[in-house]
Amino acid sequence: MRIYYFVRLATVLFISVGSAAQTGPFNLSSVPETILKNASVIKHSEQIFFTIMDISKSSYSVHKIFTVMNEQGRDALLFTAESSKDIILEDAEIKVYDASGKQTARYKKKDMSTTAVGEGLIEDGYITYFPVSPPSYPVTVEVKYQLTFKGTLIFPDYRFIHPGEGVVESSYTARVPDEIGFRYKSKNINLQPTVKEEGKVKVYTWTVRNMAPIEYEEGAVHPSDRYPSVAFSPIHFSYYGYRGDIKSWQSFGTWINALYNGLDVLPKERVTFFNELVKNASSDREKARIIYDYLQKNFRYVSIQLGIGGLKPFSAEFTDQKKYGDCKALSNYMKSALNAVGIKSHIAIINAEYNASPVDPDFPSNDFNHVILCIPQKGDTIWLECTSNTTDFGVLGTFTENRNALLITENGGVLVPTPKSKAGDNLFSTRTVVKLYDDGSGNTETVFKTRGEYRETMDEILKSKKDDQKEMLVLGMGHKQPDVFEFVKQESADIHSIKLTTSIEKVPEFTAGSKWFLSPRLYKLWQGKLPRSENRKLDYFFRHPFEKYDSTVYILPAGFVSDVLPKPKEISCTFAKYKTSYVYDKEGNTVSAISSLILDQHRIPAAKYAEVKKFFDDVLMDDAQRIVIKKQ
C-alpha cells in the first residue's frame, strides 16, 4: 500500500541549549530563541525536489543540514533509505561537523550498510542505513541522497517538522507534467505553494521558515495526523507498468479491482471441500464463521509490501497450496472460499495503525497500508481481519476500527466507515478464589473471561514460554508474584475462558502484629498514571474502550476473622465509571471484594482530559486500600 521514503528525524522533548556556539552557515547563534527552546534537533536548511519525468519515471532528492543538540535527538543521526527493483537509491552522502563548524567526517553510499528485507517469498527489497556516532553534542550533519522511482504512484508527502525539531528553513519543489497532474492538501497548517509554468510542466514550491518545535503530548493521535504537512496524490499514474488514475475513489478502486481480477478462483475440489465444510450451517453468518475458523487454524500470515506484490495478491489457488499469505492474499482467499459457498464479499483496503485518523473522504489518494474483508449483510455487515489467528469472528479491533475503508467492487471503489467498538466488545472479567494458610501462603484459582483486545492478550500469554508468561502476568497485569503457576484454556461456547492456578508464598501485602493487610485483588484493575493534564491541546487516546470486572474471594485460615473492610467506592466522569464493594461472610469465614471499571470511549477530547485523568488517579488511589484481617 502507501510507502514513505525519508531520513528519520525523530524525537523528542525537553533540552537545555546552554551556551553552545557554532560558526559557519549553520551556526546556532543565528537561530532564533523561539526555535531553539525545547528543541532536540535544529533543521537549518532542507531542499526537497520531486520530479516526474514521465508516467513511468520520477525522482526524489533531498539535501538538508541539521544540528542534533543532545542525546534526546539521537534518532535523527540514523540515515535510512528503502529501495527495490523499481526504487533505486542513486546516491547518498553524509558529512559531519563539530560544534565549531569543522568537518570531521564524510561518508558515501559505499560506506553504508545495505540489508535485504522480506521473507524470501517475493523479490527482495533493501534498506540502506548508516548511524552517525558523534563524540559529543551538538553535532551537525549534512545529508544528500536521491531515489529514482520506476513509476508515479509513489508521491512522497511533505513532512517538514518532526517531534522535538525546530525548523529554520525547508522547501519542497514538485515538477509535474500537465498530462499527469496531481492534487495537494495542507494538514494542520495553511500553506500554499508558488506555481510557475515551464512549457507543459507545472512547478510547485512550498516553503516554511522559523517554525518552533511543537510540544509533544503523550497519548495524542498518530504523529502523521498531529504535525503540519502537505499531502500529495497523482491523478494519472503508472506502477510496475499498471496504469491507472486517482481522479476519484471509484476510479482508484477500479484500478485495484483489476489487480485482483482472476485471482479468486479455487480448484473444483476445493469448492467441493468448502461446501461440505458448511453443509450443516443454517445461515450465511454461520457459514462465514466456519470458514473463518478454518482460515485461522490452517494459514499463517507473512508480510509482503514491496513492488506490485505490495498491491497485488497471490492467487487463491497459490495461497491454498502454500498455506500462507499477506493481508491481501489471505483476504482474497477468504473471499474466494466464501464465493465458493455462495456468499458475496468485498476486498477493503484501509489505513491500519493504532489511533490513526480515517483517510480524508475529500482527498482521494493511495493512503492505505492494509487489506481486510467486508461481507455485506442486511443490517449487519460483517468485517473480517484475515491475518490474525486469534481475533474473534466479525471483530476488527483498534488496528482498523473507526476508519474509512475503500471497498473494491465490480463498479469501482466505495469509501465506507468501519465499525467503532463499544466498551463491551473488549471484556476482561475475572473471578479469583484465594485459599489462605496460617503462615501467610496461599493457593489461588482465577478464571479469566475475555473478549476483543483482551482475548488477544490472553492468547499471547497462552502461546508464550513459561518465563514470558510470568513476566506478562506480573509486569503486564500487575499480578502478585507467584511461586508456581499454570495457565489452562477452558472450553466455552460464547466467550474466551482461561484458568490460572498459582501458589504464592506470601499473600499479605504486609503484617502488623496479629493483623494481615490484603490487597482487594491479586492483580491491578488499572495501573499506570496518565500524562499530565495542564495545557492539554490534543485529544488523548486510550488503546480501546473496555469493561473490566473482578470478584476476589479470600478463604481465611482457621482462627482469623475480618477486622476492617474498605468502604465501598463509586466514582464516575463523563466517559468512565468505577465501583467497589466488600462483604464478610462470617459463616463461611470469607471476605469478598467486587469491583468494576468501565471506559465507554477511548478518544478523550482535550477539554475533558483533566476530568478523566483525575478519575483514573482516584482509581489508582482507591486500589491502594487494604482489607485487614486478624488472628483471634
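The values are calculated or read from the model by the stated rules, or taken from the named source; none is laboratory data. Computed from a predicted model, the values in this text were never measured in an experiment. Cβ coordinates were reconstructed from backbone atoms using ideal geometry, including for glycine residues, and neighbour counts include every protein chain displayed.
Looking across region 607-624, the residues that are crowded, with 17+ Cβ neighbours inside 10 Å, of a type outside the set (A, V, I, L, M, F, W, C) and over 26 Å from the mean Cα position of the chain (by Cα) come down to D622, D623. The residue that is nearest to I382 (Cα to Cα), counting only those in region 420-459 that are surrounded by fewer than 16 Cβ atoms within 10 Å (Cβ to Cβ) and free of Cβ contacts under 8 Å to residues at least 60 places away in the same chain, is K420. In summary, strands (runs of 3 or more DSSP E) completely within region 107-209 and bearing 2 or more residues that are buried (at least 16 other Cβ atoms within 10 Å of the Cβ) and of a type in the set (G, A, S) occur at 165-177. Consider region 531-552 and keep the residues that are over 23 Å from the mean Cα position of the chain (by Cα) and assigned to a loop (DSSP other than H, G, I, E, B). The one that is nearest to R226 (Cα to Cα) is N535. Considering (1) of a type in the set (F, W, Y); (2) surrounded by 14 or more Cβ atoms within 10 Å (Cβ to Cβ); (3) touching a residue at least 24 places away in the same chain (Cβ under 8 Å); (4) closer than 22 Å to P520 by Cβ, the lone condition that F485 does not fulfil carries the number (3).
Tell me whether region 226-235 contains one or more residues that are outside the structural domain of E215 (by TED's automatic domain parsing) and either in contact with a Ser or Thr (Cβ under 6 Å, 6 or more places away or on another chain) or at pLDDT 95 or above (or both). Within region 226-235, not a single residue is outside the structural domain of E215 (by TED's automatic domain parsing) and either in contact with a Ser or Thr (Cβ under 6 Å, 6 or more places away or on another chain) or at pLDDT 95 or above (or both).
Yes or no, residue by residue, for (1) out of contact with any strand residue (DSSP E or B) (no Cβ under 9 Å at 6 or more places or on another chain); (2) more than 29 Å from S581 (Cα to Cα); (3) of a type outside the set (G, A, S):
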{"residue": "K449", "(1), (2), (3)": "no, no, yes"}
{"residue": "L462", "(1), (2), (3)": "no, yes, yes"}
{"residue": "M472", "(1), (2), (3)": "yes, no, yes"}
{"residue": "P482", "(1), (2), (3)": "no, no, yes"}
{"residue": "I495", "(1), (2), (3)": "no, no, yes"}
{"residue": "K506", "(1), (2), (3)": "no, no, yes"}
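Selection over region 78-100 of residues that are surrounded by fewer than 15 Cβ atoms within 10 Å (Cβ to Cβ), modelled with pLDDT of 85 or more and part of a loop (DSSP other than H, G, I, E, B) gives a count of 1.
A count restricted to region 474-530 and to residues that are over 33 Å from the mean Cα position of the chain (by Cα) and of a type in the set (F, W, Y) stands at 3. If the condition is being among the β-branched types (V, I, T) and buried (at least 19 other Cβ atoms within 10 Å of the Cβ), then region 34-51 contributes I35, V41, I42, I48. On the stretch given as region 587-606, residues that are touching a residue at least 24 places away in the same chain (Cβ under 8 Å) and surrounded by fewer than 19 Cβ atoms within 10 Å (Cβ to Cβ) total 12. Restricting region 235-256 to residues that are outside any helix (DSSP H, G or I) and of a type in the set (A, V, I, L, M) leaves a set whose member that is surrounded by the most Cβ atoms within 10 Å (Cβ to Cβ) is I246.
Comparison of T511, T501 shows that the only residue that is under 18 Å from P557 (Cα atoms), of a type outside the set (G, A, S) and assigned to a strand (DSSP E or B) is T511. Just to be sure before I move on: is V561 at pLDDT 95 or above, exposed (fewer than 14 other Cβ atoms within 10 Å of the Cβ) and either over 18 Å from E509 (Cβ atoms) or among the small types (G, A, S) (or both) in the structure I sent? Taking the combined requirement at face value, the residue satisfies it. For the criterion of being among the aromatic types (F, W, Y), farther than 24 Å from Y242 by Cα, touching a Leu at 6+ places or on another chain (Cβ under 9 Å) and crowded, with 20+ Cβ neighbours inside 10 Å, Y292 passes.
Every condition in (1) crowded, with 18+ Cβ neighbours inside 10 Å; (2) closer than 25 Å to G151 by Cβ is met by P213 except one, and the failing one is (2).
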